[in-house]
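J.: Quick one: the structure is below, questions incoming.
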């Protein structure tokens, strides 16, 4: 995926649309970013993100808005850098007609809201929740049923985390499960290489935080059926299995993680996986 999209992005850069950069350049760059992040290659991902953001202006198009919004959000959320997510800027660059694009705006608000709730800024998270509901309703009024569903799934994840922050465990889990069920009603949009934060992965994270590791492992594994070989889902499943005392399952997920990532990755989870596989008995 990384290599084909490298070639695609270069071809698009060589063929501008009038005086604008083709959307196919940043489309390829987002796919590359996703691939490098799954391999734990964060510095390569950072370079791709920076290059994509300084290139432009891009042609006015939904695709341009989508990737300009999702790439900074993806880089923060995949690394679980909540401070970075909370500081995301909305509606940049300003040459894009953002009011035309509900889903891209919603991606920025979702990531910012998740950053806010995970860093203790409940007011900031609730503000993002309100923005997501408004954008969801705008998409529905515009007849964009799929976009409405994508936005609502993210809104449910964020609302679940807000409930968690408020101490309402049952509501937090119910809302996040609802997001996971809602995801199953729509197909993946071809614009994106993968969900910004898959609902089952979010559910697994939540259940782990609630010390419910058996359920968390099931949620991560359900997510891997939809979004295979995701770094965070594999790591979450391995950790949850270990917490549940399921050593063989934990080792299997850590082993798969090591097959996916760059062996030179310096993410803490990679070192954790190496130790777990080396220390676990085989058979």
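J.: For segment 66-88, indicate whether the set of residues that are farther than 27 Å from residue 125 by Cβ, in contact with a helix residue (DSSP H, G or I) (Cβ under 7 Å, 6 or more places away or on another chain) and surrounded by fewer than 23 Cβ atoms within 10 Å (Cβ to Cβ) is non-empty.
T.: So far as segment 66-88 goes, no, none of its residues is farther than 27 Å from residue 125 by Cβ, in contact with a helix residue (DSSP H, G or I) (Cβ under 7 Å, 6 or more places away or on another chain) and surrounded by fewer than 23 Cβ atoms within 10 Å (Cβ to Cβ).
J.: Out of all the residues in segment 184-197, is one or more outside any loop (DSSP other than H, G, I, E, B) and touching a helix residue (DSSP H, G or I) at 6+ places or on another chain (Cβ under 6 Å)?
T.: There is no residue in segment 184-197 that is outside any loop (DSSP other than H, G, I, E, B) and touching a helix residue (DSSP H, G or I) at 6+ places or on another chain (Cβ under 6 Å).
J.: Restricted to segment 225-238, and to residues that are without any contact (Cβ under 8 Å) to a residue 40 or more places away in the chain and surrounded by fewer than 17 Cβ atoms within 10 Å (Cβ to Cβ), which residue is farthest from residue 268 (Cα to Cα)?
T.: Filtering segment 225-238 for residues that are without any contact (Cβ under 8 Å) to a residue 40 or more places away in the chain and surrounded by fewer than 17 Cβ atoms within 10 Å (Cβ to Cβ), the one farthest from residue 268 (Cα to Cα) comes out as 225.
J.: Looking at segment 89-126, which of its residues are touching a residue at least 24 places away in the same chain (Cβ under 8 Å), farther than 22 Å from residue 205 by Cα and in a loop (DSSP other than H, G, I, E, B)?
T.: 92, 93, 95, 96, 97, 101
Okay, residues lined up against (1) outside the structural domain of residue 108 (by TED's automatic domain parsing); (2) more than 16 Å from the chain's Cα centre (by Cα):
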{"position": "139", "(1), (2)": "no, yes"}
{"position": "146", "(1), (2)": "no, yes"}
{"position": "150", "(1), (2)": "no, no"}
{"position": "156", "(1), (2)": "no, no"}
{"position": "176", "(1), (2)": "no, no"}
{"position": "179", "(1), (2)": "no, no"}
{"position": "190", "(1), (2)": "no, no"}
{"position": "204", "(1), (2)": "yes, no"}
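J.: Sort out which residues of segment 244-260 are surrounded by fewer than 21 Cβ atoms within 10 Å (Cβ to Cβ) and farther than 20 Å from residue 210 by Cβ, and write them in order of number.
T.: 247, 248, 251, 252, 255, 256, 258, 259, 260
J.: Still on this model: Any chance you could count how many residues in segment 48-65 are part of a helix (DSSP H, G or I) and in contact with a helix residue (DSSP H, G or I) (Cβ under 9 Å, 6 or more places away or on another chain)?
T.: The qualifying residues number 9.
J.: When you scan segment 70-83, do you find a residue that is more than 19 Å from residue 261 (Cα to Cα), out of contact with any strand residue (DSSP E or B) (no Cβ under 9 Å at 6 or more places or on another chain), modelled with pLDDT under 95 and part of a helix (DSSP H, G or I), even just one?
T.: Taking every residue of segment 70-83 in turn, none turns out to be more than 19 Å from residue 261 (Cα to Cα), out of contact with any strand residue (DSSP E or B) (no Cβ under 9 Å at 6 or more places or on another chain), modelled with pLDDT under 95 and part of a helix (DSSP H, G or I).
J.: Given 241, 222, 202, which one is buried (at least 24 other Cβ atoms within 10 Å of the Cβ) and in contact (Cβ under 8 Å) with a residue 40 or more places away in the chain?
T.: The match here is 202.
J.: Taking segment 219-267 only, how many residues are outside any loop (DSSP other than H, G, I, E, B) and within 14 Å of residue 198 (Cβ to Cβ)?
T.: 15
The values are calculated or read from the model by the stated rules, or taken from the named source; none is laboratory data. Computed from a predicted model, the values in this text were never measured in an experiment. Cβ: placed from backbone, ideal geometry, glycine included. Neighbour counts: every protein chain shown.
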